[in-house]
Amino acid sequence: MSIRFNFGGDEHIFGEVSEEMSLASFFTGLSMTNAVRAANIKGVTEICPANASFQIRFNPDLLAPQDLLAELQSMEEAASKADPVLKTRIIELPVYFQDPWTHETCLRFRERHQDPSSTDLEYSARINGYATVEEFIAAYSGQPWFVSMVGFVAGLPFLYQMVERQKQIQAPKYLRPRTDTPKLTIGHGGCFAAIYSVRGAGGYQMYGVTPAPIYDPARKVRYLSDEMCLFKPGDIVKFKSISRDEYDATFEEIEANRWQPTVRECTFSLTDFNRDIYGTNAKLMELINGR
Amino acid sequence: MAVKVISPGLSTSVQDLGRPGHYHVGIPEGGGMDRFATRIANLLVGNDPGAALLEATFMGPELEFTQAVTVAVTGGELPPKLNGEERSTWESFPVKAGDRLSFGYLKGGARAYIAVSGGIDVPLALGSRSTYILGALGGHEGRTLKAGDELPIGQGSGRAGRSLPANLRRAQSAPSELRMLPGIYWHRITEAAGKRFFEETWKVAPEADRIGYRFRGGTPLEFIEREQPFGAGSDPSNIVDACYPYGSVQVPSGTEPIVLHRDAVSGGGYMMVGVVISADMDLIAQLQPHTPARFVPVTLEEALVARVEGNAALARAEEYLAG
């Protein structure tokens, strides 16, 4: 596998690890961006890992584009051979699936959907081979997800589920994007879940909402006082399906600024994961459940 | 010690030279879309070039000052009026406590930069006073201005009567030519489509804001057929979601190119055919809807030469104002 480098105008280098999504590609991209950060290259202004690619922005007045390209190419071999082990954290996020707010929005924009006669959840369950919405939700919240990219808007995570490719949930985006999506909607497009950090336009299928803010520009939410964005690329997320009563109770705790998500430090090895996916995931989830 | 907003105009926000360094969590650089005009407006009133000022879009605000300041308006041709009397753009003028600043109709360009000696003194957010509207971050309460807002002004003393001569300002061509380095996912479209993309004249669509500029009127792109990669999505214009460079030209469904600007969405799942070069980013900020525009292919070497020329033009203007 070799990275396809390309100049994005005179201020960016775009590196595509692979055209298709895989955890291996994500890890190579993350190793590359970590190496660039560690090299502390004068003139580099933004270091952005993405799902199966990455982007470096630089100031060409300080750093010649060809010099940066040569430096990135020299890092490539080490990055592709890097031991795919990540010191990271697992975060449990409560999600109220089949909530009234995304349901209302989904009905409001029905004419922009592939299947106006079912809801986003019914449609996604069916095309992914689940007999019921409940089974679909169980699969969605049963195994953890990798934050493979943060972006689009402030703090919005793209999540890739930690299961084999045949089990990946896939869904097309709306035929035409909606002009509205409730804040903190859990959505899905292609093979990625996303959490809408702010209210706004969107094209992903909508499944539920989390009561937990993930972006706070005012930094008033207690767990967002240092970093206004909750998620970083490389974080692992476990959705916990909650009821309306649990949603309301958590929402109240958040309003009072008493709540914070369960977060545990962990080490993730891609090699171990590939050897035993569900065993690796089970160990990660035990950390959350406090065993 | 403030400026009161009597009427806000169409879309007026506090901007400076932006907050690089947070694009990896989706927070764009932001700042004045026309950086040349931003810097010069500040220098005309004796500010640091990166002080916060107001960026007004298509239509000016009406402002009342509670203290004496020096004001300058640069960028698009949006004629300032002090207590109803017209003043020149690109020239600093004195304002007394109680004076009202309003604007005539836009005669050229799209965005005006209104600098006040001392700068707009809203709190810093991640090192910048720029307003990132989508993320409700920075500026005045993270949003565009509303009637009744009061903006604090910092300490400063300007000198009225300073101006930048027309030959030191940036020239606008018609139709506008946006130089672009083809690349990133350029290989996804056919040769004929690529040729047409540069030959045809496009028009700025009404959807043109700080996030990006949409263009219409050209022939939809033809894609080279392929089986879509896993995770990319089914449309031929879809890619596995990736980062979007500033100035990148994405073409959702192959129909209407969108050039991302200072408040860019940082990534997504649409292929890009290339990136508008840094030297032409300011030019986009001054395009009105319906303006004809062409994309012109350049090499990286040509892009770097254009950047050096742009830097030199800025240096000449700054030198003139320092003298």
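Can you list the HN-Hα couplings for the range B:146-153, worked out from phi with the Karplus curve (6.51, -1.76, 1.60; θ = phi - 60°), rounded to whole Hz and with x for Gly and Pro?
Those phi angles translate into 10, 4, x, 5, 10, 10, x, 10 Hz.
Which value in deg cm²/dmol, rounded to the nearest 500, describes the helix-derived mean residue ellipticity at 222 nm for chain A, given -39,500 (n - 2.57) per DSSP H run of n ≥ 4 and division by the residue count?
Value at 222 nm, helices only, nearest 500: -9500 deg cm²/dmol.
Which whole-number percent is the relative contact order of the range B:34-74 (Cα, under 8 Å, 6+ apart)?
With pairs under 8 Å counted, the relative contact order is 47 percent.
Accessible area, 1.4 Å probe, largest first: how do A:Arg219, B:Arg210 sort?
Sorted descending by solvent-accessible area, the residues read A:Arg219, B:Arg210.
Are any of the pairs A:Lys183/B:Lys146; A:Lys183/A:Lys283; A:Lys232/B:Lys203; A:Lys173/A:Lys232; A:Lys183/A:Lys238; A:Lys220/A:Lys283 more than 27 Å apart by Cα-Cα distance, and if so, which?
Checking Cα-Cα distances, A:Lys183/A:Lys283; A:Lys232/B:Lys203; A:Lys220/A:Lys283 exceed 27 Å.
Under a point-charge model restricted to the Cβ atoms of Lys and Arg (+1) and Asp and Glu (-1), what is the dipole moment magnitude of the range B:176-311 relative to its Cα centre, in debye to the nearest 20?
160
For the range A:87-289, just say rounded, prolate or oblate: build the C-alpha gyration tensor, square-root its eigenvalues into a ≥ b ≥ c, call rounded for a/c under 1.5, and beyond that prolate if a/b exceeds b/c, oblate if not.
oblate
For the range B:177-229, what is the relative contact order in percent, using Cα pairs closer than 8 Å and at least 6 residues apart in sequence?
It rounds to 36 percent for the range B:177-229.
Near B:Lys4, which aspartates and glutamates are there with a Cα under 12 Å away, not counting those fewer than 8 places off in the same chain?
Here the aspartates and glutamates satisfying the reach criterion relative to B:Lys4 are B:Glu62, B:Glu64, B:Asp99, B:Asp149, B:Glu150.
Quick one: grab the alpha carbon gyration tensor of chain B, order the square roots of its eigenvalues as a ≥ b ≥ c, and give me rounded if a/c is under 1.5, else prolate or oblate depending on whether a/b is larger than b/c.
prolate
Suppose a student asked you for the relative contact order of chain B, using Cα pairs under 8 Å spaced at least 6 residues apart; what percent would you report? Before the final figure, lay out each step's value.
On the way: 856 pairs, mean separation 63.3, N = 323.
This gives 20 percent for chain B.
Only four residue types carry charge here, +1 at the Cβ of Lys and Arg and -1 at the Cβ of Asp and Glu. Report the dipole size of the range A:162-291 about the Cα centre in Debye, rounded to the nearest 20.
Details: 19 positive and 16 negative charges, 84 e Å.
Computed about the Cα centre, the dipole is about 400 debye.
First check a/c for the range B:33-154, with a ≥ b ≥ c the square roots of the eigenvalues of its C-alpha gyration tensor; if it is under 1.5, answer rounded, and if not, answer prolate when a/b is larger than b/c or oblate otherwise.
rounded
I want the local charge near A:Tyr196. Using Cβ-Cβ distances under 12 Å, sum +1 for each Lys or Arg and -1 for each Asp or Glu among the other residues.
Local net charge: +2.
With θ set to phi - 60° and the Karplus curve 6.51 cos²θ - 1.76 cosθ + 1.60, what are the ³J(HN,Hα) couplings of the range B:207-212 in order, to the nearest whole Hz, using x for Gly and Pro?
Running phi through 6.51 cos²θ - 1.76 cosθ + 1.60 with θ = phi - 60° gives 7, 9, 9, 5, 6, x Hz.
Ordered by residue, what ³J(HN,Hα) values in Hz, to whole numbers, does the range B:312-323 give under the Karplus form 6.51 cos²θ - 1.76 cosθ + 1.60, where θ = phi - 60° and Gly and Pro are x?
5, 5, 5, 4, 4, 5, 5, 5, 4, 6, 6, x
Amide H neighbours of A:Gly190 under 5 Å, counting only residues 5+ apart in sequence or on other chains, H built in-plane at 1.01 Å?
Amide H neighbours of A:Gly190, under 5 Å, 5+ apart: A:Ala171, A:Lys173.
Please list the non-local residues whose amide H lies under 5 Å from the amide H of B:Ser266, H modeled 1.01 Å from N, same-chain partners needing a gap of 5 or more.
Those qualifying (amide H under 5 Å, at least 5 residues apart or on another chain) are A:Phe152, A:Val153.
Sorting A:Ile277, A:Ile186 by accessible area (1.4 Å probe), largest first, what list results?
Ranked list, largest accessible area first: A:Ile277, A:Ile186.
With angles folded into 0 to 90 degrees, how steeply does helix B:35-44 sit against the dominant principal axis of chain B? Use alpha carbons for both and round to 10.
The angle comes out at about 10 degrees.
Collect residues whose amide H, placed 1.01 Å from N in the peptide plane, falls under 5 Å from the amide H of B:Ala205; neighbours closer than 5 in sequence don't count.
B:Arg214, B:Phe215, B:Arg216, B:His290
Averaged over peptide A:50-60, how many Cβ atoms belonging to another chain are found within 10 Å of each residue's Cβ?
6
The values are calculated or read from the model by the stated rules, or taken from the named source; none is laboratory data. No experiment lies behind these values; they were computed from the predicted model shown. Don't worry about glycine lacking a Cβ; one is built from the backbone with ideal geometry, like all the others, and counts go over all protein chains shown. Note: accessible area is taken over every heavy atom of the protein model, side chains too, but ligands, DNA and RNA are not part of it. Shrake-Rupley method; radii C 1.70, N 1.55, O 1.52, S 1.80 Å.
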